[in-house]
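Single-structure report; data block below.
The values are calculated or read from the model by the stated rules, or taken from the named source; none is laboratory data. Model, not experiment: these values are computed from the prediction. As a convention, Cβ positions derive from the backbone with ideal geometry for all residues, glycine included, and neighbour counts pool all protein chains shown.
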Amino acid sequence: MKIVPRDIPPRTVWALEQAGVHPLLAQLYAARGVVGPDELDNGLARLLAPDTLLGNQAAATLLADAIELDRRICIVADYDCDGATACAVAVRGLRILGARHVSYMVPDRVLDGYGLTAPISQRVKDSGADLLITVDNGIASFEGVARARALGLQVLVTDHHLPALVDGLIRLPEAHVIVNPNQPLCGFASKSIAGVGVMFYVLLALRAELRQRGVFAVRPEPRLDALLPLVALGTVSDVVKLDANNRRLVAQGLKRVRSLAMPAGLAALFEVSAREARNATSFDFGFALGPRINAAGRLADMTLGIECLLCDEGARSLELAKALDSINRERRDIEGSMREQALAVAEAMFRDEAAPPPAICLFDAEFHEGVVGIVASRIKDKLHRPTFVFAASGAAGHENELKGSGRSIAGFHLRDALDLMAKRHPDLLLRFGGHAMAAGCTIRHANLAAFEQALGQVAAEWLEPATLTRRIDTDGPLQAQYRRLELVDVLQREVWGQGFAAPTFSEELEIVSQRLVGEKHLALKLKHQGQPVDGIWFGHTETLPARVKLAFRLDADAWNGVRRVRFLVEAAELD
């Protein structure tokens, strides 16, 4: 493990300080690429303009016509938290804006697979819908879109995933309208916006179109900011890069949550997660609420998660949230068992090697396809290698297929790797898609060894030894004057996440004492610049030397009603 301090441009720090930014925050922001105070303005007026999103005006026209003609609209959702929140935002927003007939449909992870398929389009038609809207999916659903249009449905695709490549060329489905910042010729500056963010932008354009048509001359113009808590939840949970626009969306959502202005279902999720909504953080979204929504899509039916997000009745919301919490506990049990099993398999495979191979591929007949992505993420974190974990497909007629989910490390674009593998071995991948850091694919069981070999070959070609060395980027030493509770609270209220990492400091510290707590955590007494401070390293049991360079985050620990600063250790640089 290498602990590497980030570069902190001194002129940028000075400029931010001159604009009134706290000196510590100025250092943190400058190290993360912020160059001016305007990037820190989280006001709604600073959001990117909806008309810069290609297809958004056409989508607004299509939806405004549907509302005017009283057509029936069906949302086809995805089964992760981004898809669930996007669906809830679509249903709530369309109803707010005057649509009277809005329903939704969620594909079954096992039976339907990913995206809009032809059978789903048939079910939408059979439901009586006139207009089909995809959220967080559809950009690669050629057959599903074609089937929907053949059935006479209008089709609006809203998505944020990368378009499919066919013979090296980008191919788009033949929908009536596509809204996706990653489609060709789209000038929208936030290419990393989540699916829920795309749908929110569609609603902003729709409201503007209805305003232009004079609809609000006879009734009050609806506010859409009530949807922002859901937008924030989906954005953080999908682990998209928190660029300036995404940070604004999350900050605005958190602002409303902290004032308790949120749907009852969201409030219930805070309650069952034992989190305090008045002090909500992006961490709560990513590690408490998001996993409970995701669990429904992984092990049960995402309808449960969407219904929770749509519910406005307190008692019913709490009932739904408790059900999601129960499913999440089951998910954790399954994941824990699979993770231990997968690690045992990996360690057995690489026992005689000095280091793991450049990429890892694991399969076991007992693996549950609903949690292979989480397990792949854990193995990737443990071994610092691009990792694919496969499970047997449970879909009827696909018994000889494996569904895999992959997670990657910096410097290895997983979706591009799959594309290259498909070009080199045309019969290897049945389906694939995803992003740089996460991707999925379906293969024939008989091709598992060939997949492992092909993935390893690409990884060996693309990954340098330095890339395969685990490293953690930090903000360098923490000045003693900043080791204060009020600054812990300030940092925790800021928006941190993917691409805008939470502050992590590093320096050599003296270990005064250390002991195990709960059999798997290391409790520490440290000396930081001559002053005592408590520390904790969760999930770590190995004894540390008397002096060691640590990477740590600031935290507040409460004991007997007294709050104290504590260091959360993230890594140690050991010889």
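Return yes when R109 is under 27 Å from the mean Cα position of the chain (by Cα) and either under 20 Å from D475 (Cα atoms) or without any contact (Cβ under 8 Å) to a residue 40 or more places away in the chain (or both) and no when it is not. Against the criterion (under 27 Å from the mean Cα position of the chain (by Cα) and either under 20 Å from D475 (Cα atoms) or without any contact (Cβ under 8 Å) to a residue 40 or more places away in the chain (or both)), R109 does not qualify. List the number of the failed condition for A323; all other conditions in (1) crowded, with 23+ Cβ neighbours inside 10 Å; (2) farther than 20 Å from A77 by Cα; (3) modelled with pLDDT of 95 or more hold. Among (1) crowded, with 23+ Cβ neighbours inside 10 Å; (2) farther than 20 Å from A77 by Cα; (3) modelled with pLDDT of 95 or more, the lone unmet condition for A323 is (1). Among the conditions (1) in a strand (DSSP E or B); (2) at pLDDT 95 or above; (3) over 17 Å from A90 (Cα atoms), the only one that L156 does not satisfy is (3). Return yes when E313 is acidic (D, E), in contact (Cβ under 8 Å) with a residue 40 or more places away in the chain and under 21 Å from S103 (Cα atoms) and no when it is not. Taking the combined requirement at face value, the residue satisfies it.
Taking the criterion of being among the aliphatic types (A, V, I, L, M), surrounded by fewer than 24 Cβ atoms within 10 Å (Cβ to Cβ) and over 20 Å from L320 (Cβ atoms), the residues of the range 243-260 that qualify are A244, A251.
Listed conditions (1) surrounded by 15 or more Cβ atoms within 10 Å (Cβ to Cβ); (2) assigned to a strand (DSSP E or B); (3) assigned by TED's automatic domain parsing to the domain that holds V565 are all met by L491, apart from (2). What residue, among those in the range 152-182 that are out of contact with any strand residue (DSSP E or B) (no Cβ under 9 Å at 6 or more places or on another chain) and buried (at least 16 other Cβ atoms within 10 Å of the Cβ), is farthest from L54 (Cα to Cα)? Per the stated criteria, the residue is H160.
Whenever a residue of the range 490-519 is under 25 Å from Q27 (Cα atoms), its partners that are part of a loop (DSSP other than H, G, I, E, B) and hydroxyl-bearing (S, T, Y), lying with C-beta atoms within less than 8 angstrom and at least six residues away or across chains, give the pairs Q492/T281; R493/T281; G499/S192. Being buried (at least 22 other Cβ atoms within 10 Å of the Cβ), farther than 21 Å from L204 by Cβ and not small (G, A, S) is true for just one of Y114, Y79. Which residue is that? After applying the criteria, what remains is Y79.
Please determine, by comparing only the residues of the range 93-120 that are in contact with a strand residue (DSSP E or B) (Cβ under 7 Å, 6 or more places away or on another chain) and outside any loop (DSSP other than H, G, I, E, B), which one is farthest from V157 (Cα to Cα). Filtering first and then ranking leaves R95.
If you check A300, A268, A342, which single one turns out to be assigned by TED's automatic domain parsing to the domain that holds D82, among the aliphatic types (A, V, I, L, M), in contact with a helix residue (DSSP H, G or I) (Cβ under 8 Å, 6 or more places away or on another chain) and modelled with pLDDT under 95? Going through A300, A268, A342 in turn, the sole match is A300.
With the structure loaded, tell me whether L233 is assigned by TED's automatic domain parsing to the domain that holds T85, in contact (Cβ under 8 Å) with a residue 40 or more places away in the chain and farther than 21 Å from G297 by Cβ or whether it fails that test. Here the answer is no, as L233 does not meet what is asked.
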